[in-house]
Amino acid sequence: MRTSDFLVIGSGVAGLSFALRAAKYGSVVVITKSSALESSSAKAQGGIAAVMDKDDSFKEHIEDTLVAGAGLCDESAVRVIVEEAPDAIRELLDWGVAFDQEENHHYELGREGGHSHRRILHAKDTTGLEISTKLLEAAKRSPNITLLEHHFAIDLITTGKLGLVTEDRVLGAYVLNRETGDVDIFRSDRVLLATGGTGRVYQYTTNPNSATGDGIAMAWRAGATISNMEFVQFHPTCFYNKRAEGAESRSFLISEAVRGEGGVLIGADGQEFMSRYDKRKSLAPRDIVARAIDSEMKRTGSPCVFVDISHKPEGFVEERFPLIYETCRKYGIDPAHEPIPVVPAAHYQCGGVLTDINGQSTLRGLFVAGETGCTGLHGANRLASNSLLECVVIAKRSLKSMLTKLPLGRGEPHEYPIPEWHHGDTALPDELAIIYHNWDEIRTLMQDYVSIVRTDKRLKRAAARLRMLHREVKEFYWGYRITPEILELRNLIAVASLIVDCAIRRKESRGLHYTSDYPAPAKDSAPSTIRRW
Ligand code: FAD
Ligand code: SIN
């Protein structure tokens, strides 16, 4: 058993920024299931939103966030996160993060869809890598932080799961060491869950392999309340590689900042089409743009649309978007001189583990930050570049709240005997073939039945198939030796089921949830919640 004052699950911006602050107060163990930079955070391109310009205002950032959120944001959460943004940025700067500046040393602020002002701090088009690398370097320097890569959190340990009835709180997690195959108990009264999103539940996604919704699935199994899972954001512009070679190209993002700098969406006929859908054209919020692209592709039978930024002055694209430029070139497209083929792809989970504005979930001791959580900031649709901001602000508030609610140094509460992990010794025969087959099936059915445009019939079909897959995977999980692949499959089925159940219950179209059976928003609408009984 390994004991620490704080246990952090996940090494993205939420997990690492929390760890760096918590290390001032006690011992911190950070576990992460792959290498430390395998995260959505490290792939973030556009940047981080904050009011940093004298002509901008909190009021306008709040208003833009509420408009994108389509009536389901928690306004007080929006206010807190927007108003604490400049402090969050200052803290990132203290950790060594370097955002691009203009010659006059003012920050070069980018623009993205739904923002009424330029307010996106960025480091070229690799902002996430810049932030993640600097946080990781700082974490490695901290003597109070132990970072364990290739450690996979299987499930949370709670007093409820141990059979107690008078209280339910988190006691730590069972963790699989991928290198040794051992499962250990990681004991802590203060757990920060920061495992990122759920994009890998879909066939086409911008997300890294790690985004299998593990944290949401774990919290749900532990009895925490989950909210708003139907609001899956599809990014309008994921690179479309018609030659289909190169796994990396299939999930490569063409940042919204490209449209922010004047890139225009055009159809296969070379004509701009967004003005037929929204007066903000290519810079309308993502739900609107993704649906418009979906509709154009269906109308014309074209497998993709295009973003055209080739009208900018010579050298601009290479200088402002070096990663996008190089990656497109690698796959035969020169974005400085020709349009980039793009399709929508699953990008961001607006729902997650329900928390208050301090990251506290409904389970005592369990705090959640970043994409795994649902604070109410995003409502039915996230405004671009608000998520990295939420990671930093909520991680900070989580620590403050933990220190108040679960103070250190007053002696730990009563110890509970935690049973060692027991699992089957036999390997599942033909394990990988069966698992990959099931993965493909989930991803295809989510793509076909639960993506940008939904119907009751398709959702019910998805639910029926997921129920069967659930039974099969339960058998693998309990009957055989566990592997990361079995664990991820189990989590993918859980989060796919949460998405489908929330979607089935929402009898309206709002934000990212569009169903042709109920195409209008309902008069009374509320966030959805789901809990395991
Ligand atoms: P992540 O950064 O995804 O980190 C999760 C961590 O948890 C990883 O280390 C993972 O390995 C680990 N983990 C997962 N499961 C387990 C487990 N079972 N056990 C142990 N560890 C586990 N947002 C913006 O605001 N601006 C942008 O410009 C932007 N661009 C983006 C571009 C791309 C391509 C993508 C995919 C997303 C982008 N987003 C952007 C969204 C944003 O990057 C993410 O929402 C945010 O980084 C999530 O941070 P996180 O710390 O919550 O999770
Ligand atoms: C992008 O660069 O387009 C991604 C921004 C985001 O998801 O917030």
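The values are calculated or read from the model by the stated rules, or taken from the named source; none is laboratory data. Small disclaimer: the values here were computed from a predicted structure and weren't measured. Glycine also receives a Cβ, built like all others from the backbone with ideal geometry; neighbour counts cover every protein chain displayed.
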### Task
Test Ala85 against the stated conditions and say whether it is buried (at least 21 other Cβ atoms within 10 Å of the Cβ), within 15 Å of ligand 2 (Cβ to nearest atom) and under 22 Å from the mean Cα position of the chain (by Cα).
yes
### Message
Is it the case, given these coordinates, that Gly223 is over 30 Å from Ser116 (Cβ atoms) and either under 25 Å from the mean Cα position of the chain (by Cα) or surrounded by fewer than 18 Cβ atoms within 10 Å (Cβ to Cβ) (or both)?
### Response
yes
### Query
How do the pairs read when you match residues in the stretch 262-290 that are more than 20 Å from Phe239 (Cβ to Cβ) and at pLDDT 95 or above with residues anywhere that are part of a helix (DSSP H, G or I) and not small (Gly, Ala, Ser), using Cβ under 7 Å and keeping only pairs 6 or more apart or on different chains?
Ser275/Lys281; Tyr277/Ile288; Asp278/Ile288; Lys281/Met274
### Residues of the stretch 31-49 that turn out to be within 6 Å of ligand 1 (Cβ to nearest atom) and in a strand (DSSP E or B), as a count
2
### Task
Name the single residue, out of those in the stretch 1-45 being among the small types (Gly, Ala, Ser), within 16 Å of ligand 2 (Cβ to nearest atom) and more than 16 Å from Lys400 (Cα to Cα), that is surrounded by the most Cβ atoms within 10 Å (Cβ to Cβ).
Gly12
### Query
Tally time: how many residues in the stretch 442-495 are of a type in the set (Asp, Glu), under 23 Å from Met218 (Cβ atoms), touching a helix residue (DSSP H, G or I) at 6+ places or on another chain (Cβ under 9 Å) and surrounded by fewer than 21 Cβ atoms within 10 Å (Cβ to Cβ)?
2
### Message
With the condition being among the hydrophobic types (A, V, I, L, M, F, W, C) and within 16 Å of ligand 2 (Cβ to nearest atom), I'd like the helices (runs of 4 or more DSSP H) fully within the stretch 157-269 carrying at least 2 qualifying residues.
### Response
256-260
### Message
Quick check on this structure: which one of Glu75, Glu63, Glu108, Glu130 is surrounded by fewer than 16 Cβ atoms within 10 Å (Cβ to Cβ) and more than 23 Å from Gln349 (Cβ to Cβ)?
### Response
Glu63
### Message
Go through the stretch 377-402 and report how many residues are hydroxyl-bearing (Ser, Thr, Tyr) and either near ligand 2 (Cβ under 9 Å from one of its atoms) or in a loop (DSSP other than H, G, I, E, B) (or both).
### Response
2
### Query
Looking at the stretch 66-86, is at least one residue within 13 Å of ligand 1 (Cβ to nearest atom) and closer than 30 Å to Glu326 by Cα?
no
### Message
Every residue in the stretch 506-526 that is free of Cβ contacts under 8 Å to residues at least 40 places away in the same chain and either charged (D, E, K, R) or surrounded by fewer than 19 Cβ atoms within 10 Å (Cβ to Cβ) (or both), please.
### Response
Lys507, Glu508, Tyr518, Pro519, Ala520, Ala522, Lys523, Asp524
### Query
Somewhere in the stretch 315-322, is a residue at pLDDT below 95 and touching a helix residue (DSSP H, G or I) at 6+ places or on another chain (Cβ under 8 Å)?
no
### Message
Scan the stretch 49-68 and tell me whether some residue there is in contact with a Cys (Cβ under 7 Å, 6 or more places away or on another chain) and away from ligand 2 (no atom under 16 Å from the Cβ).
### Response
yes
